[in-house]
Amino acid sequence: MNEDFAKWLIPTDAARAFVPADMAQKCRLLPLELRSDMLICAGADPIQFDDVSQLQFALQKRITIVRVPSEALFDALWREYGHAPIPELPRIAHAFKQEVKSKAEAIPPVQIDWASQPMKVITVASGSGGSGKTNTAINLATSLSLAGYKVALLDANFSFPNVHLAMGIRPKHTINDVISGRVSAYDAFNPTSSGVHVLCGAPGTPSLANTDYATLARSGCGYERFQSHYDYLIVDTGSSLDHKALSFHQLADEVLLVGTPSMESMHDSYVMASCLKCSNRDVNISFLMNQVCDKKEARQLSSRFLAYANDLPGRHLIDRGFVSESKSVVKAMSAGVPVSTLNTKEKLSKQFQQLSAQYSPSLKIETQAKKVAWAKAASE
């Protein structure tokens, strides 16, 4: 039986050179063919999908696995690399029971999960503290995840983060581990019960206070590393508009500006919008009115704010509506659970669902232009 597979279990030179031998051995995969959009490998059950996902992240290639009997795979790995993992007896027994009719019939391809669209980057900003910026970022990410998208959340307030508290997670690794070289970017993401993967800041680390996008990219956390794995990347930034925050806003598909009905918040939001437009007239800015008690007053204030802001040079701001004030926010924060999952039928949860629905598929992006901008920012 193994002779039948030996005829075609031969890697191309490009595929063999593309995958380091130790990675192939760890994942028990034999690289067969390298294409522009994928890497085709041979693998045997049981396939370790966590290892394969990590390999995809490292290689930035979609991996298609063709299942073969264990014996055939181990023979091929021995031939190509000089050694192979020791197969377990149950797998050997299972392999001998398989009947091979043809390559097409007996070995159906298996696709590993991948992002369904080019990654959209949304930074969440506010002109002043207390606007509910972090809560908005968390619940926007959660609502998108619950809608079936693959979502990552970056806490870009690196030295004073609190996303992990509101999400109820104790991060195993933080961005500081990545920058220090202790772990890879893949290992630094922390899964949550809502499906969102969070890249956390490191509380009480002064050295991270001025970490900008370029520093992040040089450490292996540039956006291009995530673009094939996530449909959305939500970035929770600080309330200030210093060089660090600006470096993230300038590379976003949209900056979601969160304000409240208070005059102070409206004024600070206007200043923030003005500064963003001055730094880049082509930046997409949207406005969300948060903590609304009186809907009529909120609409009037929001319309007035947008009218003033749109007099500024550059693109017009997008109206993302409003979110009501609710005691559930405090309750959810205390419990370490996004309010979107606390009670999905509550008005506030539905409002965040409506907000997330606005981003698909209406947010248009130019993928190639984004890659160029990310690469340029990383080299600065």
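Below is a table of values for the structure above.
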read-out: Positions within the stretch 125-164 being among the charged types (D, E, K, R) and outside any loop (DSSP other than H, G, I, E, B), in sequence order; value: K133, D155
read-out: Conditions (1) within 21 Å of G82 (Cα to Cα); (2) buried (at least 17 other Cβ atoms within 10 Å of the Cβ); number of the one not met by T12; value: (2)
read-out: Any hit, the stretch 286-307, residues being assigned to a loop (DSSP other than H, G, I, E, B) and either under 26 Å from Y232 (Cα atoms) or small (G, A, S) (or both); value: no
read-out: Hey, K172 crowded, with 24+ Cβ neighbours inside 10 Å and of a type in the set (K, R) or not; value: no
read-out: Positions within the stretch 155-184 being in contact with a Ser or Thr (Cβ under 9 Å, 6 or more places away or on another chain) and among the small types (G, A, S), in sequence order; value: A156, S159, A166, G168, S180, G181
read-out: Pairs with Cβ under 7 Å, 6+ apart, first in the stretch 314-326 and free of Cβ contacts under 8 Å to residues at least 60 places away in the same chain, second hydroxyl-bearing (S, T, Y); value: D319/S302; F322/S302
read-out: Residue list for the stretch 179-212, filter: surrounded by fewer than 22 Cβ atoms within 10 Å (Cβ to Cβ), of a type in the set (V, I, T) and not in a loop (DSSP other than H, G, I, E, B); value: I179
read-out: Of all residues making up the stretch 320-378, the number that are at pLDDT 85 or above and at positive phi; value: 1
read-out: Which numbered condition K277 fails, given (1) free of Cβ contacts under 8 Å to residues at least 60 places away in the same chain; (2) within 22 Å of Y149 (Cα to Cα); value: (2)
read-out: Residue count, the stretch 213-227 (criterion: in a loop (DSSP other than H, G, I, E, B) and touching a helix residue (DSSP H, G or I) at 6+ places or on another chain (Cβ under 7 Å)); value: 1
read-out: Test result for E264, assigned by TED's automatic domain parsing to the domain that holds I138, exposed (fewer than 14 other Cβ atoms within 10 Å of the Cβ) and in contact (Cβ under 8 Å) with a residue 40 or more places away in the chain; value: yes
read-out: Top-ranked residue in the stretch 245-261 [being assigned to a strand (DSSP E or B) and of a type outside the set (D, E); ranked as surrounded by the fewest Cβ atoms within 10 Å (Cβ to Cβ)]; value: L256
read-out: Flag for D242 being surrounded by fewer than 24 Cβ atoms within 10 Å (Cβ to Cβ), of a type in the set (D, E), touching a strand residue (DSSP E or B) at 6+ places or on another chain (Cβ under 8 Å) and over 18 Å from A137 (Cα atoms); value: no
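The values are calculated or read from the model by the stated rules, or taken from the named source; none is laboratory data. Since the structure is predicted, the reported quantities are computational estimates derived from the model, not experimental observations. Cβ atoms come from the backbone with ideal geometry, glycine included; neighbour counts cover every protein chain shown.
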